[in-house]
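Structure, as structure tokens:
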Number of protein chains: 2
Amino acid sequence: MTEPTRTLVKNLSALEAGPVVVSGWVDTVRDQKKVQFVVLRDESGAVQLVNPRTDETEAISEAISGLAQGSFITVTGELKHDERVKLGGIEVKLTSLEVVTAAIPETPIAPDSGVDKRMDWRFLDLRRPEQNLVFRVQTTLEHAWRTYWVEHDFIEIHTPKLMASASESRAELFEVDYFEGKAYLAQSPQFFKQMAQPAGFGKVFEVGPAFRADPSFTSRHATEFTSVDAEISWIDSHEDVMQLHEELMVAGLRAVKEKHGDEIKALFDVDIEVPSQPFPRIPLAEAKRIVAENGYVVPREDADMDPEGERRIAAYVKETYGHDFVFLTDYDSSIRPFYHMRHEGDGSLTNSYDLIYNGVEISTGAQREHRVEVLVEQAKEKGLDPEELEFYLDFFRYGVPPHGGFGMGLSRVLMLMLHQTNLREVVYLFRGPTRLTP
Amino acid sequence: MTEPTRTLVKNLSALEAGPVVVSGWVDTVRDQKKVQFVVLRDESGAVQLVNPRTDETEAISEAISGLAQGSFITVTGELKHDERVKLGGIEVKLTSLEVVTAAIPETPIAPDSGVDKRMDWRFLDLRRPEQNLVFRVQTTLEHAWRTYWVEHDFIEIHTPKLMASASESRAELFEVDYFEGKAYLAQSPQFFKQMAQPAGFGKVFEVGPAFRADPSFTSRHATEFTSVDAEISWIDSHEDVMQLHEELMVAGLRAVKEKHGDEIKALFDVDIEVPSQPFPRIPLAEAKRIVAENGYVVPREDADMDPEGERRIAAYVKETYGHDFVFLTDYDSSIRPFYHMRHEGDGSLTNSYDLIYNGVEISTGAQREHRVEVLVEQAKEKGLDPEELEFYLDFFRYGVPPHGGFGMGLSRVLMLMLHQTNLREVVYLFRGPTRLTP
């Protein structure tokens, strides 16, 4: 006798009536006098199981009466198509039920539990269909990006996360005991993806973790996050990087809309929009002027935008151009890292941009300074010690092409795409100053 | 006037004779009395530039005479097809040459420099066509795997690398200063990819870094490596994991052979073979018996294989079955982690395997123990404190399907595929006990 094979719930409705095997977990039980109903959920969907109480079905009836929500079960039964069944128009009349792993009857979280409590029990929280969808969307998004890169001859790199020095700011650096010495966790793959340029790799990408010892507790910061990075050779300016960037966003959103558009609408009430190209571009100074004219003077001492300013310029762009994205360009040198290239003839501005999506910054991109003597000057000006940067400066001493790229927070993109307000909802396992488990 | 666009070297031979722009770095210069030759290399290949010395070309002649190897240049010239030119049957007769970034004339490494010296200058070492090919092969391999996963409804996860406790062995753990407390770097995504099972994700994959504080200096260990992981629900035994695993290896090798087979043959003198399915499976005890019969008694006190034993059993399999791969199965419980499921009725053996490729282990896979009371017993038996594992044990208390998976070292696969003997040759930036730079 061959064992019957499991059918995924999503594939049931295409089958003719007849015997099936389904495996998944118990979502709900309705234990009535004459008939019992179980909603079983698996990774692909939910289906109604039915068991009329008769003498013959007594064993199954007892098993169902004892079922704890969340238990994983395997059932066999007769698939029936019945339009009156709200859940997909099908049900399975049980012939056997095996409890594979019983759950503790008390579920520690409820759908209305706060986000911190739900994080404690993330593996249960992730069973919600909305949560499952988030990560299927993530999968599709990343695969669309990587497919774009591979089709355009990019090389995938995995840069080390253990470093001998800081790549961004000393202030937000995690220190590691490294045998007899110290190492640091990479805050970004910045230096190492740039290394691919003198290495002659041309165009590279990486999707991997980055670490910031940022003690803040905002809804959009994490101490560990997935960084999406690209870096390309032979650019003329940051405009080339922005063109790459918008093509990627279009490819990603098109794939997500195609594969998950209906489900996203149903579960998040969000219409995924594939943006038109080119995305609007507004120099930062002009953006601040526009925002000020509309009644909001950014309350910062430095030249930067603030989150409220980003929201407002995005609202302006949406109203004026009907666009969800905007590149804010040409940031002041004073608020950009030393490795951003500055304007020719005006050192106060950089060849850089931030990409704003639905009102929040998701990425920073720039042309990099590749002239080593200029780079050393800019590092000194930022108070950095060129000696600590020697290994990085060497990348520019043996020939290097003009280049640029961007780094983007994967979960930020997901959060804004699905109109979520907290990063924790779209991260598999969030890490913050007081959150290291599960 | 529109600026002429750069053509990649690999696309030149398909063009008709005429004006072209090429950018790349100087590979070699032959500065002769009557004519000068430069071999220019870019990310796609190499091409010969030619400059007959005349009064008209004096400026270019002088520039070429002063060219340092490694400098990045942009040239314009006339493309000519000429069968006598060994390098691809084409050359470019220069009309202009711009040095974009001059290299320091003294190159710190030579092709015959030792591997440590070359690691010091990895960005120059990576310019070698063999090295460039390694990472294009890596890109193709990973994309083939991910495409397989995506087409088979796997969900991509990014598990945290910062943990509150050890996931494998306490001995090889890196400790991180984490605000007022301590964190540890994940030695594998083991616990977190298993968490996807009670979460109802069904099938998951991850490609990401893992960290081992291993002080050894072998040719195949690193303190940071890229781990390729998959974990699937509702398996009957490790056999299901092995089937997934061999399908992935076939998909990966087929893609690599198709896209890079000729180049790998030319640069590494290796014929990429797409393996037949199923791969041979040999229980570990039998493998040790076979090896012993052939004259090698594994000199270990425990039940494990050693590298020489793996080489020998692989040689036996190659000779007997003509296969480059072999699954060694059913390892002793004594040499497997507590989370491996043991045989029903014989607790001394596990539902596990190692995958050997060209004589070296590249992966460990297993069915996981999902019965929490058994898991606790096995943890205690291994000397672990269940209290420290509470967050992990909770994954099994609220319902979980039977599951299993594998973890595989990306660079090991590349090393063995390309017949390299040192991991350092196929890692973008190697990390070892005394190697944190560049």
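All of the numbers you see were taken from the coordinates with simple rules; none came from a lab. What you are looking at is a predicted structure, and each value in this text was computed from that prediction instead of being measured. In this analysis, Cβ positions are derived from the backbone assuming ideal geometry, glycine residues included, and neighbour counts consider all displayed protein chains.
What number, rounded to the nearest 500 deg cm²/dmol, is the helix-based mean residue ellipticity at 222 nm of chain A, given -39500 (n - 2.57) per DSSP H run of at least four residues and division by all its residues? Walk me through the numbers on the way to the answer.
Working: 11 runs with 126 residues, N = 438.
Counting only the DSSP helices, I get -9000 deg cm²/dmol.
Go ahead and run the numbers for FRET between B:ASP112 and B:VAL21, Cβ-Cβ distance against an R0 of 30 Å, rounding to 0.05.
Details: r = 35 Å, r/R0 = 1.15.
Efficiency computed from Cβ-Cβ geometry: 0.30.
Look at the dipole of segment B:122-426 built from charges on Cβ: of B:THR223, B:LEU248, B:ASN422, the Cα furthest out on the positive end belongs to B:ASN422. A crude spin-label estimate for the pair B:VAL270 and A:ASP177, with each label 7 Å from Cα along the Cβ direction, gives 3.8 nm.
The Cβ shell under 9 Å around A:LEU49 holds other residues with a net charge of 0, Lys and Arg each +1, Asp and Glu each -1.
Taken about its Cα centre, the protein assembly as shown carries a charge dipole of about 540 debye when Lys and Arg each add +1 at the Cβ and Asp and Glu each add -1 at the Cβ. Spin-label pair B:ARG289-A:TYR321: with each label point 7 Å from Cα along the Cα-Cβ axis, the two points sit 7.3 nm from one another.
The residue among B:ILE335, B:VAL376, B:ILE313 whose Cα reaches farthest toward the positive pole of the charge dipole of segment B:300-438, with charges on the beta-carbon of Lys, Arg, Asp and Glu, is B:ILE313.
Give the relative contact order (percent, whole number) for chain B; include only Cα pairs under 8 Å separated by 6+ residues. Before the final figure, lay out the partial values.
Numbers: 811 pairs, mean separation 55.3, N = 438.
Worked out over chain B, it gives 13 percent.
Computed from point charges on the beta carbon alone (+1 for Lys and Arg, -1 for Asp and Glu), the dipole magnitude for segment B:284-431 about its Cα centre is near 520 Debye.
Neighbouring Cβ atoms from other chains, within 10 Å of the Cβ of residues in B:141-153, number 3 on average.
Compare A:GLN69, A:GLN194, A:GLN138 in a GNM of chain A, Cα atoms joined below 10 Å, and give the one with the largest fluctuation. The residue that fluctuates most here is A:GLN69.
Suppose R0 equals 35 Å. What FRET efficiency, 1/(1 + (r/R0)^6) with r the Cβ-Cβ distance, do B:GLU263 and B:LYS33 give to the nearest 0.05? Don't skip to the end; give the middle numbers.
Values: r = 36 Å, r/R0 = 1.03.
That pair, B:GLU263 with B:LYS33, gives E of 0.45.
The eigenvalues of the Cα gyration tensor, multiplied by 5 and square-rooted, give the protein assembly as shown an equivalent ellipsoid with semi-axes of 49, 35, 26 Å from largest to smallest. Here's the picture: charge each Lys and Arg Cβ at +1 and each Asp and Glu Cβ at -1 in segment A:9-101, and of A:THR101, A:ALA14, A:GLY88 the one pushed furthest to the positive end of that dipole is A:GLY88. Axis angle, to the nearest 10 degrees, between helix B:129-151 and the longest C-alpha principal axis of chain B: 50 degrees. Expressed per residue, the C-alpha convex hull volume of chain A stands at 202 Å³.
Extending 7 Å from Cα along the Cβ direction at A:GLU83 and again at A:ASP385 yields two label points whose distance is 7.9 nm. Summing Cβ point charges (Lys, Arg +1; Asp, Glu -1) relative to the Cα centre of chain B gives a dipole of roughly 1100 debye. Under the definition of Cα pairs under 8 Å and six or more residues apart, what whole-number percent is the relative contact order of segment B:9-101? Taking the mean separation of contacting Cα pairs over the length of segment B:9-101, I get 32 percent.
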